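Please read the structure below before turning to the comments.
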Amino acid sequence: MPIRTENNRPGITEVIVDHPPVNALDVAGWFSLADAILAAGRDPECRVVILRAEGRGFNAGVDIKEIQAKGDEALIGVNRGCFAAFAAVYDCEVPVISAVAGFCLGGGIGLAGNSDMIVASDDATFGLPEVDRGALGAATHLARLVPQHLMRRMLFTAEPITAQEMAQYGSLYAVVPREELLEKTYELAEKVAAKSPTILRRAKEAANGIDPIDVKRSYRFEQGFTYELHVRGVADEQRDAFVEKRDADTTK
């Protein structure tokens, strides 16, 4: 199973993505992740959730090969699946900490950007390759992590930044060697888990209630352009080029 849940320390639940080679999730994987995060938050014994991944990187976004193989239904499914997973992180009844190692791209930004806290490895990179993939989405969540003009630069160039650069904006709790990432994340999680569970849940609800941006509506707006690009046929060329490992035609 690409998604599993572990309870290794009191009050802390780990939701783990393990889907080689790059933790790019298909439609079913995104919905499974959403279900696991929401279920963890509903557990009365849980006070904080750690979202992390095994393997080379945190998350490489959607499974483009599935979209190219199955067409419209897969695109609709993955749009809904990503929406569900990002919303699950946001709506989880307890705080969510993302432990980011390696690449955090596309859908990974949606997950991390909706998290309450982030710890990163010193080899972590954050980016939105969507413009190079014929899609749009998660600029909403990137804007929660970096200033507006940096978000736009990352969106338009599709170039990632390092964890060290991200840390300059106060978005990361810590940047540590990869082998220390889990323990550093638990250090933060245990600080949270020591608090009153009742107060923690109300604090999460209150923090969401005062958010200046409706992240669900904003992200859904972005997704509409993904489907527009698909209908126009522009997106297919970008996705085909990615699958075929060639340069895309960017004349349109």
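The values are calculated or read from the model by the stated rules, or taken from the named source; none is laboratory data. Treat the numbers as computed from the prediction; the structure is a model and nothing was measured. Glycine also receives a Cβ, built like all others from the backbone with ideal geometry; neighbour counts cover every protein chain displayed.
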Residues of the range 143-167 classified as within 18 Å of G224 (Cβ to Cβ) and in a helix (DSSP H, G or I), total: 1
In the range 128-140, the residues that are within 13 Å of the chain's Cα centre (by Cα) and closer than 7 Å to A158 by Cα: L128
Among what's in the range 219-249 and is more than 21 Å from C82 (Cβ to Cβ) and modelled with pLDDT of 85 or more, pick the residue that is surrounded by the fewest Cβ atoms within 10 Å (Cβ to Cβ). D247
Of residues in the range 9-28 being in a loop (DSSP other than H, G, I, E, B) and more than 15 Å from the chain's Cα centre (by Cα), the one farthest from F86 (Cα to Cα): P10
If you take the residues in the range 34-83 that are under 14 Å from the mean Cα position of the chain (by Cα) and of a type in the set (S, T, N, Q), which one is surrounded by the fewest Cβ atoms within 10 Å (Cβ to Cβ)? N79
When you scan the range 177-189, do you find a residue that is modelled with pLDDT of 95 or more, small (G, A, S), crowded, with 20+ Cβ neighbours inside 10 Å and outside any helix (DSSP H, G or I), even just one? no
Please tell me if I199 is exposed (fewer than 11 other Cβ atoms within 10 Å of the Cβ), closer than 26 Å to L145 by Cα and among the aliphatic types (A, V, I, L, M). yes
Taking interchain pairs and intrachain pairs at least six residues apart, which have beta carbon atoms under 9 angstrom, with the first residue in the range 15-33 and closer than 21 Å to V96 by Cβ and the second of a type in the set (S, T, Y)? V15/T5; I16/T5; L25/S32
